[in-house]
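Coordinate-derived values only; no laboratory data. Fair warning: this is a prediction, and the values are worked out from it, not measured in the lab. Here the Cβ positions follow ideal geometry from the backbone for every residue, glycine too, while neighbour counts run over all protein chains shown.
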């Protein structure tokens with residue numbers, strides 16, 4: 001099953017992540033799990049950059065689901081440009097999307113994926129309203 005990234009989204013962050021030799025699998029390309037790690041790194045770096053660092057004694061984002069569509073193999077050596085987007089804020093959720101491309105092949109999307117974030121009160125282990133400042137990011 002292929003999930004499409006929506007056309008209506010807002011770019012909020014970019015980061016470059018080097019492909020490490022140890023990220024490769026026995027077939028000589030980036031292991032599938034590494035794509036998810038790259039998206040996770042970009043998402044966490046974005047959250048930190050906007051003051052959304054998860055606070056175990058307070059509130060923060062957790063993932064409800066995640067997916068990745070693989071279009072082109074990534075191989076060592078190289079650097080991956082991960083672009084992060086947001087869309088569709090709900091009461092307690094916001095959708096995040098990522099595209100991955102080699103820095104030396106601009107515009108050639110190797111993979112695209114996403115995750116729905118739920119804003120939670122960690123001590124209560126319950127969802128709470130998405131903060132207004134987070135909701136505003138998708139506008």
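Quick look at the values:
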{"read-out": "Test: residue 62 is surrounded by fewer than 17 Cβ atoms within 10 Å (Cβ to Cβ) and not in a loop (DSSP other than H, G, I, E, B)", "value": "yes"}
{"read-out": "Some residue of the range 93-102 being out of contact with any helix residue (DSSP H, G or I) (no Cβ under 7 Å at 6 or more places or on another chain), exposed (fewer than 14 other Cβ atoms within 10 Å of the Cβ) and free of Cβ contacts under 8 Å to residues at least 40 places away in the same chain", "value": "no"}
{"read-out": "Within the range 1-13, considering residues that are more than 15 Å from residue 101 (Cβ to Cβ) and within 14 Å of the chain's Cα centre (by Cα), the one surrounded by the fewest Cβ atoms within 10 Å (Cβ to Cβ)", "value": "10"}
{"read-out": "Check on residue 73, part of a loop (DSSP other than H, G, I, E, B), in contact with a strand residue (DSSP E or B) (Cβ under 9 Å, 6 or more places away or on another chain) and farther than 23 Å from residue 136 by Cβ", "value": "yes"}
{"read-out": "Selected residue [crowded, with 16+ Cβ neighbours inside 10 Å and under 21 Å from residue 27 (Cβ atoms)] from 80, 120, 108, 86", "value": "80"}
{"read-out": "Residues that are within 10 Å of the chain's Cα centre (by Cα) and assigned to a loop (DSSP other than H, G, I, E, B), drawn from the range 40-55", "value": "none"}
{"read-out": "Within the range 14-39, tally of residues that are surrounded by 20 or more Cβ atoms within 10 Å (Cβ to Cβ) and part of a loop (DSSP other than H, G, I, E, B)", "value": "0"}
